[in-house]
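Notes for the one structure printed next.
Quick note: the coordinates plus some simple rules give every number you see, no bench work behind them. No experiment lies behind these values; they were computed from the predicted model shown. So basically every Cβ, Gly included, is an ideal-geometry build from the backbone, and we count neighbours across all protein chains shown.
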Amino acid sequence: MQERLALLKKQVLAEIAAAKTPAELERLRVRYMGRKAGELTLVLRSLKGLSEEERRSVGQAANALKDELIEVLQKRRTQLETGSANEAIDLTLPGRKRFVGYRHPITLVTDRIVEIFAGMGFEEILGPEIETDWYNFEALNIPKGHPARGEMFGNFYLPGGLLLRSHTSPVQIRVMENMPPPVRVIAPGRVYRRDAFDSSHSPVFYQVEGLYVDEGVSFADLKGTLEVFSQEMFGSDIGVRFSPSYFPFTEPSAELSISCVICGGAGCKVCAHTGWVEILGCGMVHPQVLRNVGYDPDKVTGFAFGMGVERIAMIHYRIDDIRHFYSNDLRFLRQFRET
Ligand code: DAH
């Protein structure tokens, strides 16, 4: 008899759990616990033929089971009615991962460049992206009508004689106007030129500008500083080469090339079979630029440099098309999971 009760219990509990509506529950209640023909009721009725002792123990068990089942039924009914059954928590489910963003490769490389120069005493500063003619050109020794205005940079002009800065060099002027020498600053930022997109050009890109002015700063300081930078950035076995160049705001001016990181200097497509890759422009600050900001070129000298961050990043990560940086293709961006 006890066995029959246990079996019945198992069966009823399973059916209650599987019930999907209160109506189904009601049917179960009548079927098992109904007064007239409920299965449990029948068990209780059948006790008559048993001995006194058996009747007591089985009766107690059957009554307890009835109470228990009614309670379970009641709970299931509330669950179904409030809809809370759907919110049951499955502790075995794997957790939901939060989406974590990563720094963009351009940000990573900008931060690395700034960090290297910070290690040599350069202080990070920022300047505005909308500039006046004075800061973007005049003060940098690029007067109106100077070929460098059109040749080096096609510009985005704004109403009121303003323009989107075509390089970060104007930050040099802003710094020197605002503080007496010595100055030693590094200025990262976005710049704009009227270039169409191709594999090596973008109308918006990033530069890092450097400036060091003090008494007795020489070209040897420039060379030493930029050689250390190149080796920190690209590896201690990298070779550096300075070649003469021209910029209106420096005299003398130079370009810095590093030995090709792809072929090690043997010659390949990336270095156009020269073994060298140009990475930045630099030079000694032109005396006229120093005068323009109220510095005395007989007392102080300085060097400056400017580099394109995309170019550095392309060499560093071996990327062959600048447009990858701006396409927002997650398959590309997810490769740079440094934090
Ligand atoms: N402003 C230059 C450009 O955008 C880069 C540059 C060259 C910056 C020489 C400098 C420098 O400070 O000394 O092409």
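Where Rh is the Kirkwood radius over the Cα pairs of the stretch 115-155, the temperature 10 °C and the viscosity 1.306 mPa s, what D in µm²/s does Stokes-Einstein return?
128
Quick one: how many lysine pairs in the chain have C-alpha atoms under 23 angstrom apart, if they're 8 or more apart or on different chains?
16
So what's the stretch 295-339 giving for Rg/Rh, alpha carbon basis, Kirkwood Rh from the mean inverse pair distance?
Radius of gyration relative to Kirkwood radius: 1.32.
Can you give the translational diffusion coefficient of the stretch 168-273 in µm²/s, computed by Stokes-Einstein from the Kirkwood radius over Cα pairs at 25 °C and 0.890 mPa s?
In µm²/s, the coefficient is 151.
Can you give the relative contact order of the stretch 115-170 as a percent, counting alpha carbon pairs under 8 Å and 6+ residues apart?
For the stretch 115-170, the relative contact order is 42 percent.
Please list, by residue number, every one of the chymotrypsin sites (Phe, Trp or Tyr not before Pro) in the stretch 178-221 that is coil in DSSP and has at most 13 other beta-carbon atoms within 10 Å.
Within the stretch 178-221, the qualifying chymotrypsin sites (Phe, Trp or Tyr not before Pro) (loop, at most 13 other Cβ atoms within 10 Å) are Phe197.
Hey, what's the Kirkwood Rh for the stretch 156-216 if you take every pair of different alpha carbons, in angstrom?
It works out to 13.3 Å.
Arranged by the count of other C-beta atoms within 10 angstrom, fewest first, what order do Trp276, Trp134 take?
Going from least to most buried by this count: Trp134, Trp276.
Cα centroid distance between the stretch 105-119 and the stretch 1-34, in Å?
If we compute the Cα centre of each part, the gap is 71 Å.
Given a Förster radius of 56 Å and the C-beta distance between Val270 and Ala88 as r, what FRET efficiency does 1/(1 + (r/R0)^6) yield to the nearest 0.05?
0.40
Quick one: what do you get for the stretch 1-160 if you divide its Cα Rg by 2.2 N^0.38 Å?
Expressed relative to 2.2 N^0.38 Å, the Cα Rg reads 2.72.
Going by Cβ distance under 4.7 Å, what cysteines of the chain have no possible disulfide partner?
Cys282
Once fully extended, how much extra length lies between Glu138 and Ala14, figured as 0.36 nm per residue of separation less the alpha-carbon to alpha-carbon distance?
Here the segment from Glu138 to Ala14 would lengthen by 35.9 nm.
For Thr250, list long-range residues whose amide hydrogen, built 1.01 Å from N in the peptide plane, is under 5 Å from its own amide hydrogen.
His286
How big is the Kirkwood radius of the stretch 1-45, worked out from every pair of different alpha carbons and given in Å to one decimal?
About 10.8 Å, per the Kirkwood formula over Cα pairs.
Post the alpha-carbon centroid distance, the stretch 225-271 to the stretch 277-334, in whole angstrom.
The distance from the Cα centre of the stretch 225-271 to that of the stretch 277-334 comes to 12 Å.
How compact and how long is the stretch 187-234, expressed as Rg and Dmax of its alpha-carbon atoms in Å?
Spelled out, the Cα radius of gyration and Dmax of the stretch 187-234 are 15.1, 43 Å.
Glu54 to Leu158: extension gain in nm, 0.36 nm per residue of separation minus the Cα-Cα distance?
Extra length available between Glu54 and Leu158 comes to 27.3 nm.
Amide H neighbours of Ser245 under 5 Å, counting only residues 5+ apart in sequence or on other chains, H built in-plane at 1.01 Å?
Hits under the 5 Å cutoff: Ser253, Ala254, Glu255.
Run the simple label-point estimate for Tyr102 and Met179 please: 7 Å along Cα→C-beta, distance reported in nm.
Between Tyr102 and Met179, the label points sit 3.5 nm apart.
In whole angstrom, and with the biggest value first, how far do the Cα coordinates of the stretch 2-88 range along each principal axis?
48, 23, 16
Please report Rg over Rh for the chain, where both radii come from the alpha carbon positions and Rh follows the Kirkwood definition.
That ratio equals 1.52.
Using the Cα atoms of the stretch 108-217 to build a convex hull, what is its mean projected area in square nanometres?
8.1
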